[in-house]
Amino acid sequence: MIKEAFNPFRMAQAQFDSVADKLELDAATRDLLRNPMREYSFNIPIQMDDGSRKVFRGFRVQHNDARGPCKGGIRFHPQETIDTVRALSMWMTWKCAVVDIPLGGGKGGVICDPHNLSAREQEQICRMWVRQLSRDVGPIADVPAPDVMTSAQHMLWMLDEYETIHGGKYPGFITGKPVGMGGSMGRTEATGFGVVYTIREALRLLNVRPEDTIASVQGFGNVAQFAIRLYQQIGGTVICVSCWDQNDQTSYSFRKKDGVDLDALLKITDRFGGIDKDKARDMGYEILDGEAWLEQDVDILIPAALENQITEDNAGKISSRVKVIGEGANGPTTPEADKIIAKKNIFMIPDFLANAGGVTCSYFEQVQSNMNYFWEKDEVLGKLDVKMTSAFLAVSELARKQKMYMREAAYVISVGRVAQACKERGWV
Ligand code: NAD
């Protein structure tokens, strides 16, 4: 029998169905929430640099806006599919709801490979994407952001097109803009710092002092670097990090038992989060295989690289010393591995709670842009801490009271909030 290809939207729907059963949602609410409210799928014809015309396919999916304007990134990827965009838009709805920000879930994409497109061609795609959707997105309807292979520059092109069409300044239309052009201070740190705010709270619940803990991290990109920075500031020691090696086309773990030196490692790391392994060896790091980060004798594991990393094949190798897993990445743990982790009695901080600092800071960017008044970095990070901490406490309290796994409790809270908003609006 041919195995069906992995479909993220089917997985997102299956996750929703199981929470819907738990919450005993009625049939109409289920029908409303298990599918996006609106989907746009359209052609993007542009002129290439050689004078030829080429047509790309673009998408925007608005999963649910009962709690506020839709929010979510735009991804440029050759393997983009409408089902990936649908799944990601649904997960955005739950992520915004779990941190209780007044936003819904959306996601967009274009099937293209920016590696093979000039800056001018990418600008044309950005402008045409906005032209096709100019009536359906906007600061009070749907607020896009960067995602895989889109950057602050893409956001500025899109903003410029939107403002040209609508004849005014609307910096709240889009987030992920550069600081000084409507971006927020603290956005670069937000996701990694958010992960550590939740880990700090988990340790408090477990009565463990951060100073007495050591951690191992998968990944050494934006999320991992800032998670390590703050974790070290609160007294923790990171003994192992891992990353992808572009030359060898494999991943490695870098271990230093008395603690990695973040600033020294950053000096030998490229912009994609790849560490130079020869230089690291010269600096006294042990170079281990890619999975070694998971097998370390530590108190905390932070998967902050990519999805599908802790599986039923390797979850058994997690040390009995591990007390907390803080998921920086989206979807690093499979449902089968969750069962093993739950049995080991490890405190799991699930992805859409742990890494919600990014979207929370994007919300702050949107608020600041709409007011045209920008806060200092300390103010942004202070507000972020408050939001992340209260979201964590709400989820952990429910998990404790109902004896639920943390991931399940997070889903129950977020789906419950969105279902209630739909009901109160009279939609179902
Ligand atoms: P990034 O591109 O900056 O860094 C990714 C890191 O993972 C790099 O160090 C890379 O070498 C490493 N890596 C890739 N494949 C690996 C492998 N097989 N083994 C070990 N390391 C590997 O990405 P990022 O922005 O730090 O995002 C990391 C994860 O966090 C992703 O799942 C992303 O969706 C999620 N996330 C990011 C944000 C954000 O604001 N950046 C917000 C929410 C969720």
Subject >> Residue selected from region 295-309 under the condition under 23 Å from residue 210 (Cβ atoms) and within 10 Å of the ligand (Cβ to nearest atom), by the criterion surrounded by the most Cβ atoms within 10 Å (Cβ to Cβ) >> reply: 304
**OP:** Would you point out which residue out of 92, 48 is in contact (Cβ under 8 Å) with a residue 60 or more places away in the chain, touching a Leu at 6+ places or on another chain (Cβ under 9 Å), surrounded by fewer than 19 Cβ atoms within 10 Å (Cβ to Cβ) and of a type in the set (A, V, I, L, M, F, W, C)?
**Re:** 48
Original post:
Would you say residue 365 is within 16 Å of the ligand (Cβ to nearest atom) and at pLDDT 95 or above?
Top reply: yes
**OP:** Test residue 353 against the stated conditions and say whether it is part of a loop (DSSP other than H, G, I, E, B) and within 12 Å of the ligand (Cβ to nearest atom).
**Re:** no
Original post:
When you go through 217, 238 one by one, which is the residue that is touching a Ser or Thr at 6+ places or on another chain (Cβ under 8 Å), closer than 30 Å to residue 393 by Cβ, within 10 Å of the ligand (Cβ to nearest atom) and of a type outside the set (Phe, Trp, Tyr)?
Top reply: 217
Original post:
Does residue 231 qualify as being more than 30 Å from residue 142 (Cα to Cα) and either modelled with pLDDT of 95 or more or more than 12 Å from the ligand (Cβ to nearest atom) (or both)?
Top reply: yes
Original post:
Mind checking which residues of region 393-409 are free of Cβ contacts under 8 Å to residues at least 12 places away in the same chain and closer than 18 Å to residue 203 by Cβ?
Top reply: 397, 399, 400
Original post:
With 286, 312 as the choices, which residue is within 25 Å of residue 340 (Cα to Cα), surrounded by 13 or more Cβ atoms within 10 Å (Cβ to Cβ) and out of contact with any His (no Cβ under 6 Å at 6 or more places or on another chain)?
Top reply: 312
**OP:** Return yes or no: is residue 62 of a type outside the set (A, V, I, L, M) and in a helix (DSSP H, G or I)?
**Re:** no
Subject >> Boolean, residue 85 is crowded, with 22+ Cβ neighbours inside 10 Å, out of contact with any helix residue (DSSP H, G or I) (no Cβ under 8 Å at 6 or more places or on another chain) and aliphatic (A, V, I, L, M) >> reply: yes
Subject >> Every residue from region 310-325 that is more than 13 Å from the ligand (Cβ to nearest atom) and either touching a residue at least 24 places away in the same chain (Cβ under 8 Å) or under 19 Å from residue 241 (Cβ atoms) (or both) >> reply: 312, 315, 316, 317, 318, 319, 320, 321, 322, 323, 324, 325
**OP:** Go through the residues of region 326-340 one by one and say whether even a single one is in contact with a strand residue (DSSP E or B) (Cβ under 6 Å, 6 or more places away or on another chain), away from the ligand (no atom under 13 Å from the Cβ), farther than 30 Å from residue 182 by Cβ and in a helix (DSSP H, G or I).
**Re:** yes
Original post:
Limited to region 304-325, what total is found for residues that are over 19 Å from the mean Cα position of the chain (by Cα), in a loop (DSSP other than H, G, I, E, B) and not basic (Lys, Arg)?
Top reply: 8
**OP:** Would you point out the residue of region 341-350, among those that are part of a helix (DSSP H, G or I) and not small (Gly, Ala, Ser), that is farthest from the ligand (Cβ to nearest atom)?
**Re:** 343
**OP:** State which residue is farthest from the ligand (Cβ to nearest atom) when the search covers only region 259-277 and only residues that are surrounded by fewer than 16 Cβ atoms within 10 Å (Cβ to Cβ) and of a type outside the set (Asp, Glu).
**Re:** 259
**OP:** Determine which single condition residue 200 fails, assuming it passes every other condition in (1) modelled with pLDDT of 95 or more; (2) over 19 Å from residue 369 (Cβ atoms); (3) within 16 Å of the ligand (Cβ to nearest atom).
**Re:** (3)
Original post:
Of all residues in region 221-238, which are buried (at least 21 other Cβ atoms within 10 Å of the Cβ) and under 16 Å from residue 298 (Cβ atoms)?
Top reply: 224, 227, 228, 231, 236, 238
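The values are calculated or read from the model by the stated rules, or taken from the named source; none is laboratory data. Remember, predicted model here, so these are calculated numbers, not experimental data. Cβ: placed from backbone, ideal geometry, glycine included. Neighbour counts: every protein chain shown.
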